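Note sheet for the following structure.
Just so you know, all these numbers are worked out from the coordinates, no wet-lab data involved. Bear in mind that the values here come from a model prediction, so they are computed numbers and not experimental data. Neighbour counts are summed over all protein chains in view; Cβ atoms, including those assigned to glycine, are modelled from backbone coordinates with ideal geometry.
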Protein chains: 2
Amino acid sequence: MPELRHDPIQRRWVIIATERGRRPDDFPRNEPEPTGGFCPFCEGNESKTPPEITAIRNGTGANQPGWEVRVVPNKFPALRIEGGLNRRGIGAYDQMNGVGAHEVIIETPKHSLQLADAPLEHIQKVLRIYRERLVDLLRDQRFKYVLIFKNHGAAAGASLSHPHTQLIATPVTPLTISEELNSAQDHYREKERCLFCDLIEQELDSGQRIVIAGDQFVALTPFASRFPFEIFIAPRNHHHSFAEITDSMLNSLAAVLKEVLLRVKKCLKDPPYNFLIHTIPNLQAGRSHGGHWETIEQDYHWHIEFIPRLTQVAGFEWGTGFYINPTAPEEAAKYLRETEL
Amino acid sequence: MPELRHDPIQRRWVIIATERGRRPDDFPRNEPEPTGGFCPFCEGNESKTPPEITAIRNGTGANQPGWEVRVVPNKFPALRIEGGLNRRGIGAYDQMNGVGAHEVIIETPKHSLQLADAPLEHIQKVLRIYRERLVDLLRDQRFKYVLIFKNHGAAAGASLSHPHTQLIATPVTPLTISEELNSAQDHYREKERCLFCDLIEQELDSGQRIVIAGDQFVALTPFASRFPFEIFIAPRNHHHSFAEITDSMLNSLAAVLKEVLLRVKKCLKDPPYNFLIHTIPNLQAGRSHGGHWETIEQDYHWHIEFIPRLTQVAGFEWGTGFYINPTAPEEAAKYLRETEL
């Protein structure tokens, strides 16, 4: 059983994936991205993944060819879906069972069709599946948070090159999310306005860090970007939860996401990247360790964090949470805006 | 002038190193570690670095050959030593000038002599230079924090392979340090004991995560290690500041550090790594943004964080501060202890 362990100094939870049990010889140097070999995510190889959770299909049966987007449990899950949390102390430490969900959203049956190049209608379907899985997992009150994230390229942590997104449901709210919630709540208490709405308005007024200003969504390079060409995508109006996104907003998001992906791909020569959806925690599951926020519909604003992986993160960043970014976000936004598609 | 910018959502400072001004084409893929070419850190090339700040020399003049350890300003500094902070607001944002120090400690004149393989007496000299630079920079009241860190190997962020350590003095206390200080202070307020001392005692009692239990220092794999084979090195007794380390303790630390480096090198086949010294902020420089701690001699405990770089950090970790570690720290400690030197 994987374990969740709490660090009393940095106050963060860590998953100890004991069943992966990697030994000293299990960390190959310059891990090559598998190419040309067998791919369990390709159409026709459905029997090589665990049975599917859901799929968008054209009338074919589960675990058969004939799908457009397919969701399966991760074959090597970091967390296990069965069982109770069994929270316990070990001297000064806190521990619980590694209960959670770990799923893979296979974005397309085609091995080499990057999300950036998929038709708009297809990206809409992928986003609909994100929403469907999120809504479904939020019904499980053991799960405080559901994180949807994509790793593109080996240097961004992708172990398979076939386009896919991952989803992890956890029994704790991750530290970064708690911190964002705390900032947002402090701002709301003081001003009765959403912090994110205020920042988006200031950015739209200034314009210098805007990449895309759509009708419903904005894409911009944050004022204090940690990484070169980091991009923040958010609804222009106040919305606290990705689970509640409407079909119309979802279609607008697909268009903005596709444009961001294409601009990044062209401007930065198809770099490895990560993106992540930050949405509110599972309000049904109650307060989480470390979080002292109250109901947060009015003060949190869901968004996507998009990070091209252009530089190696060095010791300075790890040890301090203090980043050195060699590209001013105003410059990055300008390069991205001026990229011809 | 580089800028320091504050993120109002995640409440962290970022250095925007505008003078580096990296453009889209400036991020080469698979950046190769320079080998065989010219090295500005080698003996005889002293004129190729900025003039030295200090050095351990055998009677030779500054910026000449004949040194054992040499400290120079970073040729491409992330922060600049001259000028005032000029703190200012930009709408909802905070900004100040990127004032600070960025130095390189060249650990040896020999290009290929890794710190792990240097004689014990030489490692003692390197640590003495760390202390000397720290003490000197803490006199400057503009600097709230001095971070000493080493990147070994290109995958750990080292751009030159000649053994060196870096030092950055900053006008703000980094977020991770503030969080550690807050945890330590909360614990002290409640229990009138040091959190770190408590954890070290519990670890020595249990023994299962101990790598080295020396007379004055302990090396262990933390209970909630974020990374496989992560190691924590700290004085066994309570000491709050690396700047105040005695010569005798410094010699003990050199022995434990050398043993850690050798065990990691042998057990994990010379992996890339980072290490960082976490010590208290500059108490002379006053409170820092984000920190609400009081005087902290009694509750903070300096230590070294040592991280082999064995896995790619993926989107999940970036976006959440929530880590998946595939090796249980008890297993890692056992492998390291059982490595024959």
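Note: relative contact order over chain B, using C-alpha pairs below 8 Å and six or more positions apart, is 17 percent. Eigen-decomposition of the gyration tensor built on the alpha-carbon atoms of the range A:90-238 gives equivalent ellipsoid semi-axes of 27, 26, 16 angstrom, largest listed first. Charge dipole (Cα centre; +1 on Lys/Arg Cβ, -1 on Asp/Glu Cβ; no other charges) of the range A:7-135 amounts to roughly 420 debye. Taking other C-beta atoms within 10 Å as the exposure proxy, B:Thr170, B:Thr18, A:Thr320 rank B:Thr18, A:Thr320, B:Thr170 from fewest upward. Cα centroids of the range A:109-155 and the range A:310-328: how far apart, whole angstrom? Centre-to-centre distance over Cα atoms comes out at 28 Å. Averaged over the residues of peptide B:170-177, the number of Cβ atoms from other protein chains lying within 10 Å of each residue's Cβ is 4.
Among residues of chain A, the one whose beta-carbon sits closest to the A-to-B rotation axis is listed with its distance in Å as A:Val313, 3. Binning all Cα-Cα separations of chain A at 10 Å, short to long from zero, yields these whole-percent fractions: 5, 23, 34, 28, 10, 1. Annotation for A:Asn45, label-to-label distances across the other copies: 4.5 nm (shortest first, one decimal, point 7 Å from Cα along Cα→Cβ). Please list, in order, the residues from the range B:49-82 whose amide nitrogen is less than 20 Å from a point placed 7 Å along the Cα→Cβ vector of B:Glu121. Under 20 Å, as judged by backbone N against the label point of B:Glu121, lie B:55-60, B:66-70 of the range B:49-82. Using 18 Å as the cut-off for backbone N distance, which residues of the range B:161-175 belong to the label zone defined by a point 7 Å from the Cα of B:Phe38 along Cα→Cβ? What the label zone holds, given the 18 Å backbone N cut-off, is B:161-162.
The mean sequence separation of alpha-carbon pairs under 8 Å and at least six residues apart, normalised by the residue count of the range B:143-202, gives a relative contact order of 29 percent.
This model, with +1 at the C-beta of Lys and Arg and -1 at the C-beta of Asp and Glu, gives the protein assembly as shown a dipole about its Cα centre of some 680 debye.
Restricting the calculation to Cα atoms, the range B:183-341 shows an Rg/Rh of 0.97 when the hydrodynamic-style radius is the Kirkwood one. By definition, a body whose alpha carbon gyration tensor gives a ≥ b ≥ c is oblate when a/c is 1.5 or more and a/b is not larger than b/c, and the range A:127-178 fits this oblate description.
Within the range A:165-270, which GluC sites (Glu not before Pro) sit in a loop by DSSP and count at most 14 neighbouring Cβ atoms inside 10 Å? Answer in residue order: A:Glu192.
Measuring r between the beta carbons of B:Gln114 and A:Ala92 and using R0 = 22 Å, the FRET efficiency lands at 0.05.
Across all Cα pairs in the range B:53-145, the calculated P(r) in 10 Å bins from zero up to the longest distance comes to 14, 36, 28, 14, 7, 1 percent per bin. A Förster distance of 25 Å, applied to the separation of the beta-carbon atoms of B:Thr60 and B:Asp215, puts the FRET efficiency at 0.10. Beta bridges per DSSP, both residues in the range A:1-143: antiparallel share near 95 percent. The Cα atoms of the protein assembly as shown define a convex hull whose projected area, averaged across directions, is 29.1 nm². Normalising the average separation of contacting C-alpha pairs (under 8 angstrom, six or more residues apart) by the number of residues puts the relative contact order of the range B:167-238 at 19 percent. Among the trypsin sites (Lys or Arg not before Pro) within the range B:85-192, those in coil by DSSP and having at most 10 neighbouring Cβ atoms inside 10 Å are B:Arg139. Taking each DSSP H run with n ≥ 4 as -39500 (n - 2.57) and averaging over every residue of the protein assembly as shown yields -8000 deg cm²/dmol at 222 nm.
Normalised by residue count, the range A:84-127 yields a Cα convex hull volume of 137 Å³ per residue.
As a ratio to 2.2 N^0.38 Å, the alpha-carbon radius of gyration computed for the range A:146-216 takes the value 1.53. Counting beta carbons within 10 Å around each of A:Asp198, B:Asp215 and listing the fewest first gives the order B:Asp215, A:Asp198. Less than 28 Å apart at the alpha-carbon level, and either on another chain or at least 8 residues along: which lysines does that give for B:Lys150? B:Lys150 reaches B:Lys48, B:Lys75, B:Lys110, B:Lys125, B:Lys258, B:Lys265, B:Lys266, B:Lys269, B:Lys334. Between the range A:202-263 and the range A:33-105, the C-alpha centres lie 29 angstrom from each other.
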